[in-house]
Protein chains: 2
Amino acid sequence: MLQIEELANSLRTDGFRITPQRIAIVEYLLKTDDHPSAERIHRVIQKKYPMVSLSTVYKTLDLLKEKKLVNEIEVDGEARFDAHTDEHINLVCVNCGKIEDIDEDSLREIQTRAARKSKYMILKSNFELFGYCSSCKSKFTV
Amino acid sequence: MLQIEELANSLRTDGFRITPQRIAIVEYLLKTDDHPSAERIHRVIQKKYPMVSLSTVYKTLDLLKEKKLVNEIEVDGEARFDAHTDEHINLVCVNCGKIEDIDEDSLREIQTRAARKSKYMILKSNFELFGYCSSCKSKFTV
DNA sequence: CATACTATTAGGAATACTTCCTATTTAGGT
DNA sequence: ACCTAAATAGGAAGTATTCCTAATAGTATG
């Protein structure tokens, strides 16, 4: 997990500017494992910086994605963001929307095998499982 | 791969009606491995049934998804559909949008392991790899 | 085969997330 | 402190999908 300071320096040397908005967004993403949506990030950041705009949140997330500092997954037509960028499986609860990460070593190997078979040059992967999380599951069993 | 007739009977016994629109959509999905978008399906179907509406295409796809006869994946904020419903990996070309399927036996096992670890009740899975397909790849290597 | 019932449809309006636009502000080098 | 380009706020525009409703058409029944 990258620290804010390292990250800031890395952005700065690439000619990007360190703004309070960017810091707030990165800080929030680093300390949560909630996989928030852009709107939720916006709501949270606004408590500290009431003037921050949603478009800035989107732009910052774009930048962070490009720098491979955040991962984006699409759930129900909505993008959700996460600072966990290692290869992992996202478990998505179709009832409450909660997303949990699970590390799984074999993914890298599968990816290599698929790349070889298909002759694709792989840039990014996405492994999702949809179902009921443990707490929603119990609501559905009588 | 299910045949149209079996499928029609299965729908009929569940109280669903067999309409020309539904047949056209299923027929198209069964014979292509293109992973078309709703709009593309609509365009293709319209050649045969000029009056078919896009909303009917969406509704039919919903029905087919529910019946587990088609699979949906999301690419660039657009849904793409596929009659290949076994567990498999989708290779998505980020340049031309082509999607290729690869069977991979170990997915089922990974899924079981993740379900056990997380206590989720898994309903559906989605494995995607993004990159350049073999023909786009060559455009990017000098 | 005609009838009745109700699922389905066409078409367009409404919705929701994301991207785009532009005047203004501000980070960071000098 | 000043300058310049990068970034921002705010809202408008774009786009895929869902929703709404009157009209249509499968299908079961007699």
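Points worth noting:
- With its label point defined 7 Å out from Cα along the Cα-to-Cβ axis, B:D62 lies at 3.2 nm from the matching points of the other copies, in increasing order.
- Placing unit charges on the Cβ atoms only, positive for Lys and Arg and negative for Asp and Glu, gives segment B:86-142 a dipole magnitude near 360 debye about its Cα centre.
- Computed helical MRE - 222 nm, chain B, DSSP H runs ≥ 4 contributing -39500 (n - 2.57), nearest 500: -14000 deg cm²/dmol
- Least to most buried among A:V94, A:V70 (fewest other Cβ within 10 Å first): A:V94, A:V70
- Projecting the Cα positions of A:L64, A:V26, A:P50 onto the charge dipole of segment A:1-85 (unit charges on Cβ atoms of Lys, Arg, Asp and Glu, taken about the Cα centre) puts A:P50 furthest along the positive direction.
- Each part gets one Cα centre, and for segment B:1-43 versus segment A:6-63 those centres are 45 Å apart.
- Cross-link reach is defined here as a Cα-Cα straight distance under 23 Å, omitting same-chain residues fewer than 8 places apart; for A:K119 the lysines meeting it are B:K98, B:K137, B:K139.
- Cα gyration tensor category, rounded, prolate or oblate, for segment A:61-142 with a/c compared to 1.5: oblate
- Highest-fluctuation residue, B:A83, B:A24, B:A114 considered, GNM on chain B with Cα pairs under 10 Å: B:A114
- Evaluated with a Cβ-only charge set (Lys, Arg +1; Asp, Glu -1), segment B:1-84 carries a dipole of roughly 420 debye about its Cα centre, given to the nearest 20.
- Chain A: most fluctuating residue of A:N90, A:N126, A:N71 per GNM, C-alpha cutoff 10 Å: A:N126
- Given +1 at the Cβ of Lys and Arg, -1 at the Cβ of Asp and Glu and no other charges, the dipole of segment B:20-142 around its Cα centre is 280 debye to the nearest 20.
- Placing a label point 7 Å from the Cα of B:C96 along the Cα-to-Cβ direction, the distances to the matching points in the other copies come to 4.5 nm, shortest first.
- Sequence-ordered 3J(HN,Hα) estimates for segment B:5-21 from the Karplus curve with 6.51, -1.76 and 1.60 and θ = phi - 60° stand at 5, 4, 4, 4, 5, 4, 5, 4, 5, 8, x, 8, 9, 9, 10, x, 4 Hz, glycine and proline given as x.
- Prolate/oblate/rounded call for chain A, Cα gyration tensor, a/c under 1.5 rounded: oblate
- For A:I102, A:I25, B:I18, the sequence from fewest to most other C-beta atoms within 10 Å is B:I18, A:I102, A:I25.
- In order along segment A:79-86, the phi-based Karplus estimate (6.51 cos²θ - 1.76 cosθ + 1.60, θ = phi - 60°) of 3J(HN,Hα) comes to 7, 10, 10, 7, 7, 7, 9, 5 Hz; Gly and Pro are listed as x.
- Amide H contacts of A:E78: none lie under 5 Å away among residues 5 or more positions distant or on a separate chain (H built 1.01 Å from N in the peptide plane; Pro and chain starts excluded).
- Fully extended contour minus Cα-Cα distance, from A:K137 to A:S53, at 0.36 nm per residue: 26.5 nm
- R0 of 45 Å, Cβ-Cβ distance B:D62-A:N9: FRET efficiency to nearest 0.05: 0.40
- Nearest-first distances (nm) between copies at A:G77, label 7 Å from Cα via Cβ: 1.3
- Length-normalised contact order for segment A:1-101 - Cα pairs under 8 Å, 6+ apart - percent: 24
- Taking every residue in A:105-114 and counting other chain Cβ atoms within 10 Å of its Cβ, the average works out to 4.
- Gaussian network model of chain A, Cα within-10 Å springs - most flexible of A:Q21, A:Q111, A:Q46: A:Q111
Computed from the coordinates by the stated procedures, all read-outs in this text should not be read as laboratory data. What you see is a predicted model; the values in this text were computed from it and never measured. All Cβ positions, glycine included, derive from the backbone under ideal geometry; neighbour counts span all protein chains shown.
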